[in-house]
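The values are calculated or read from the model by the stated rules, or taken from the named source; none is laboratory data. From a predicted model like this one, the values you see are computed outputs, not experimental measurements. Note: ideal-geometry Cβ built from the backbone for every residue, glycine included; neighbour counts use all protein chains shown.
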């Protein structure tokens, strides 16, 4: 269970928070390694295409350069001059021209020494915020079974004028957590992966455990996935949402609009309109 105590440290640098001890740190590092194995199994060199109920197609993938950010490793901090000796002596990174994925793999390879130094009170060069990484791993694991059609999509735009939200989306799922009822994966367009046909590819930009969820749902367009393609260099797999899957997702959204007293902004078409009337607006009873 995610606690408020863990969440209060999530935005801090590792050397600015108390270390959780060897056992906690080892458990979190093991979780990071398991998440990396899941990444290799489900995402490495694979592309996902989500077909949504509003007619939109989202091309999605996770690149190896996304892994540090996904699992709470602060690449921009660790690549700084302050950690030059640490990178050379502990992580055995000899060059200044290294990628975030190079750093990620080195941390996993020399994880025992990293954990030891992070929990040594006399060592000031600490690199892992274990509270943050634990929460990120929990969210990643929960949002890694897309083929089960257990998530909804938000075309997120809070209309606050601060950013260009045109290329941003949120995937969300119930967390089964008491204090943070929803997990979200923020997506952004990766300009470096736009292909010759102009197809945009989304990559993860953030993982969130939400306590105040209403602001992410209120006045935001929501859609449900209806079909998923998973492709690599050799195979293309297709998954279709069943009627039961669709009803389950609409029921999930109905619970959200009832809980937060927000307007119905789901975007569906065709036969989904009938389901929406039955499930979300409650105009008729569904006959089984």
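You will find that of 65, 58, 135, the residue that is touching a helix residue (DSSP H, G or I) at 6+ places or on another chain (Cβ under 8 Å), crowded, with 18+ Cβ neighbours inside 10 Å and at negative phi is 135 and no other.
Here are 94, 116, 147: which of them is farther than 30 Å from residue 256 by Cα and assigned to a helix (DSSP H, G or I)? Give the steps one after another, and end with the answer.
Details: 94 fails: assigned to a helix (DSSP H, G or I); 147 fails: farther than 30 Å from residue 256 by Cα.
Result: 116 is the single residue among 94, 116, 147 that is farther than 30 Å from residue 256 by Cα and assigned to a helix (DSSP H, G or I).
With respect to residue 81, is the statement that it is over 24 Å from residue 170 (Cα atoms), touching a helix residue (DSSP H, G or I) at 6+ places or on another chain (Cβ under 7 Å), surrounded by fewer than 18 Cβ atoms within 10 Å (Cβ to Cβ) and free of Cβ contacts under 8 Å to residues at least 12 places away in the same chain true? Considered against the rule, which asks whether it is over 24 Å from residue 170 (Cα atoms), touching a helix residue (DSSP H, G or I) at 6+ places or on another chain (Cβ under 7 Å), surrounded by fewer than 18 Cβ atoms within 10 Å (Cβ to Cβ) and free of Cβ contacts under 8 Å to residues at least 12 places away in the same chain, residue 81 comes out as no.
Taking region 12-43 as the range and being more than 18 Å from residue 72 (Cβ to Cβ) and either more than 20 Å from the chain's Cα centre (by Cα) or exposed (fewer than 14 other Cβ atoms within 10 Å of the Cβ) (or both) as the test, the residues that pass are 22, 23, 40, 41. Just to be sure before I move on: is residue 9 surrounded by 15 or more Cβ atoms within 10 Å (Cβ to Cβ) and either in contact with a strand residue (DSSP E or B) (Cβ under 7 Å, 6 or more places away or on another chain) or assigned to a loop (DSSP other than H, G, I, E, B) (or both) in the structure I sent? Against the criterion (surrounded by 15 or more Cβ atoms within 10 Å (Cβ to Cβ) and either in contact with a strand residue (DSSP E or B) (Cβ under 7 Å, 6 or more places away or on another chain) or assigned to a loop (DSSP other than H, G, I, E, B) (or both)), residue 9 qualifies. Taking the criterion of being in the same structural domain as residue 171 (by TED's automatic domain parsing), assigned to a loop (DSSP other than H, G, I, E, B), at pLDDT 90 or above and more than 19 Å from residue 50 (Cβ to Cβ), would at least one residue in region 263-284 satisfy it? Yes, region 263-284 contains a residue that is in the same structural domain as residue 171 (by TED's automatic domain parsing), assigned to a loop (DSSP other than H, G, I, E, B), at pLDDT 90 or above and more than 19 Å from residue 50 (Cβ to Cβ). Here is a list of conditions, (1) assigned by TED's automatic domain parsing to the domain that holds residue 32; (2) free of Cβ contacts under 8 Å to residues at least 12 places away in the same chain, and residue 160 meets all of them except one; can you say which number that is? Evaluating residue 160 over (1) assigned by TED's automatic domain parsing to the domain that holds residue 32; (2) free of Cβ contacts under 8 Å to residues at least 12 places away in the same chain leaves (1) as the failure. Residue pairs whose Cβ atoms lie under 6 Å apart, separated by 6 or more positions or on different chains, with the first residue in region 103-128 and without any contact (Cβ under 8 Å) to a residue 12 or more places away in the chain and the second assigned to a helix (DSSP H, G or I), are 123/117. Within region 19-32, not a single residue is in a loop (DSSP other than H, G, I, E, B) and under 24 Å from residue 225 (Cβ atoms).
For region 107-129, state whether one or more residues are within 20 Å of the chain's Cα centre (by Cα) and closer than 22 Å to residue 26 by Cβ. The answer is yes, given that some residue of region 107-129 is within 20 Å of the chain's Cα centre (by Cα) and closer than 22 Å to residue 26 by Cβ.
Among the residues of region 59-72, none is identified as more than 14 Å from the chain's Cα centre (by Cα) and farther than 17 Å from residue 45 by Cα.
Restricted to region 210-241, and to residues there that are touching a residue at least 12 places away in the same chain (Cβ under 8 Å) and out of contact with any strand residue (DSSP E or B) (no Cβ under 8 Å at 6 or more places or on another chain), the residue that is surrounded by the fewest Cβ atoms within 10 Å (Cβ to Cβ) is 233.
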